[in-house]
């Protein structure tokens, strides 16, 4: 069955370190998204991609980067982790059709000490 | 600025009660409104609404959209403890890409007590 996976599921790191969160989907979806979820803010869009080599900034992109070298993967990199980036991160993907819903991965809980 | 506002932010009811969750929005070039249920993991899709006045129904859950007044409601009848979750409302705008981005509300936390 097609699915969307994230790794690691839990990560603890230190301030200033570079961290990469992986997202892999086997739906063959062109569209992929990264969100963070924090208490009091709900889900907020970090970056998104509409296809290979395409990346776009979302609402809260500062301190994050993504690259899309193939259809299946959209890794999220925190260049220099900050305590404010402690959060739960969700990856999602969707097809190109109008009305295609986004399917979410299981999430990665990141703690920056 | 595009935004989605959900109310109430939290709600405690007893099994068997009926609840109504609210979602109002302001978004550029509205495309669709989606409801998700989030338990202890990733959000799972419930409904997508694109047209006013057409009720979507799935078991005890139903939802309707009013594009004139810019809001949607999610109803849950005969609530059960398994309905306890955070319910997220998201609105998709059309920004010229193959799919617009979702703007999420902060969610309504529903607790159903036995």
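The values are calculated or read from the model by the stated rules, or taken from the named source; none is laboratory data. Computed from a prediction, not measured in an experiment: that's the story for all the values here. Note that we place each Cβ from the backbone using ideal geometry, even for glycine, and neighbour counts take in every protein chain shown.
Annotations
- Checking the stated criteria, residue B:18 turns out not to satisfy the condition of being surrounded by fewer than 17 Cβ atoms within 10 Å (Cβ to Cβ), in contact (Cβ under 8 Å) with a residue 24 or more places away in the chain and over 15 Å from residue B:112 (Cα atoms).
- Only one of the numbered conditions (1) closer than 24 Å to residue B:35 by Cβ; (2) at pLDDT 90 or above; (3) part of a loop (DSSP other than H, G, I, E, B) is not met by residue A:15, and that is (1).
- Check on residue A:35, at the interface with another protein chain (Cβ under 9 Å from one of its Cβ atoms), over 11 Å from the mean Cα position of the chain (by Cα) and not in a loop (DSSP other than H, G, I, E, B): no
- Any pair with Cβ under 6 angstrom, 6 or more apart, that starts in segment B:76-97 at a residue that is on the phi > 0 side of the Ramachandran plot and ends at one that is modelled with pLDDT of 95 or more and part of a loop (DSSP other than H, G, I, E, B): B:78/B:16; B:78/B:60
- Elements of the type strands (runs of 3 or more DSSP E) sitting completely within segment B:68-114 and holding at least 3 residues that are over 14 Å from the mean Cα position of the chain (by Cα) and modelled with pLDDT of 90 or more: these cover B:108-113.
- In segment A:65-113, the residue that is nearest to the other protein chains (Cβ to nearest Cβ) out of those that are in contact with a helix residue (DSSP H, G or I) (Cβ under 8 Å, 6 or more places away or on another chain) and assigned to a strand (DSSP E or B) is A:110.
- Evaluated against (1) farther than 22 Å from residue B:81 by Cβ; (2) surrounded by fewer than 12 Cβ atoms within 10 Å (Cβ to Cβ); (3) modelled with pLDDT of 90 or more, residue B:24 falls short on exactly one condition, (2).
- Screening A:44, A:9 for residues that are within 14 Å of chain B (Cβ to nearest Cβ), in contact with a strand residue (DSSP E or B) (Cβ under 7 Å, 6 or more places away or on another chain) and exposed (fewer than 15 other Cβ atoms within 10 Å of the Cβ) leaves exactly one candidate, A:9.
- Test result for residue B:37, surrounded by 15 or more Cβ atoms within 10 Å (Cβ to Cβ) and farther than 27 Å from residue B:113 by Cβ: no
- Of all residues in segment A:47-60 being farther than 16 Å from residue B:2 by Cβ and either assigned to a strand (DSSP E or B) or within 12 Å of another protein chain (Cβ to nearest Cβ) (or both), the one that is nearest to the chain's Cα centre (by Cα): A:47
Let's see how each residue does on (1) modelled with pLDDT under 95; (2) crowded, with 16+ Cβ neighbours inside 10 Å:
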site: A:33; (1), (2): yes, yes
site: A:60; (1), (2): yes, yes
site: A:64; (1), (2): no, yes
site: A:69; (1), (2): no, no
site: A:81; (1), (2): no, yes
